[in-house]
Amino acid sequence: MPSYVLLTLAAAWLHAISFTLAKRLWVYSRDPFQISILSQVACGLLAALALPWAGYDAVLQMPGTLAAIGVCVVAGQVFFILALRHGDASFVVPMLGLKLFAVAGISAVLLGETYEPLVYVGAAGAFASLFLLSDGKLKGSLRSALFVTAAALLYGVTDVLLVGAIRAGVSPLEIGVYSLLVPAFLTLPVTLTLLPGRWRVSLPFGRALGSYAAIQIAGMVFLMMAFGLAGKATIVNIVQTSRGLWVLAVVYGMGRLGMAGVERLTGAQYRKRAVGALLLMASLSLAVLAHQ
């Protein structure tokens, strides 16, 4: 199995955990913008610890690209948090698979990235599996669906920009650090000016933000390494849809532990989603094997 696949699977597992933890942030705050901004700041503060190793060359080499990545990440995060506000994590996270279409289209135009037909068949199967992973009913509010679609599009643009930067010579470490640091930097002055009083957080809220940020960054490290090895955006994103499977295990585990803010699924839901999981894994296998 190619190394980039293993790295992407590890990233998908970690992001399934962090995205479910993002849902739990609503236990501590009812303000979507506070959650969105503070989660970005938490990630940025941890990412800043790696600056001595990442250096500052990327800032001088492509400031416009870094700014565009920052804007897309911030806007995508706001839409994602709003989607979680109006829908369950087990609906919203699988629906992020819509990013596949954004990445495939944009990377084909901007990066000249194309694949054998079977890779796209596998991508279509992976997306179809998300329908089953969402109970076969797309069980979620229209508002949640619209928010997660906007988030998926923005995250797709972000991934294409990340791969473009890596192709231009920026290391995965550099682009990974700045893709977390720049969004926090962009939101800081705006929030201090326009949203006074939203920085005060309780100790439990602070711990929840720290846990989310640490796991989100760990997943980002694996994902940047996968992008660097694959050199392409679409195939990595196809494998990344596996987080729709992992999130089921995460939701189940957190529910069994009695953690607040995590939805409870019935036995029928788990069985239906297991069928979707099998289709997902078959589709991912087809896409990866066709790409080799």
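A few comments on the model shown:
- Measuring only protein heavy atoms, the 1.4 Å probe finds M220 accessible over about 30 Å².
- Sequence of L146, L98, L279 when ordered by accessible area, the most exposed leading, probe 1.4 angstrom: L146, L279, L98
- In Hz, Karplus ³J(HN,Hα) per residue of the range 156-172 (6.51, -1.76, 1.60; θ = phi - 60°; x = Gly, Pro): x, 4, 4, 5, 5, 5, 4, 5, x, 5, 5, 5, 7, x, 6, 6, x
- Each peptide in 45-51, 202-208, 19-25 was scored by the mean count of other Cβ atoms within 10 Å over its residues; highest first, the order is 19-25, 45-51, 202-208.
- Under Karplus coefficients 6.51, -1.76 and 1.60, residue-wise ³J(HN,Hα) of the range 3-14 in Hz, glycine/proline x: 4, 5, 5, 4, 5, 5, 4, 5, 5, 5, 5, 5
The values are calculated or read from the model by the stated rules, or taken from the named source; none is laboratory data. These numbers were taken from a predicted model, which means no experiment stands behind them. Methodologically, a virtual Cβ is constructed for each residue, glycine included, from the backbone with ideal geometry; neighbour enumeration extends over all protein chains shown. All accessible areas refer to the heavy atoms of the entire protein, side chains included, with ligands and DNA or RNA removed. Shrake-Rupley method; radii C 1.70, N 1.55, O 1.52, S 1.80 Å.
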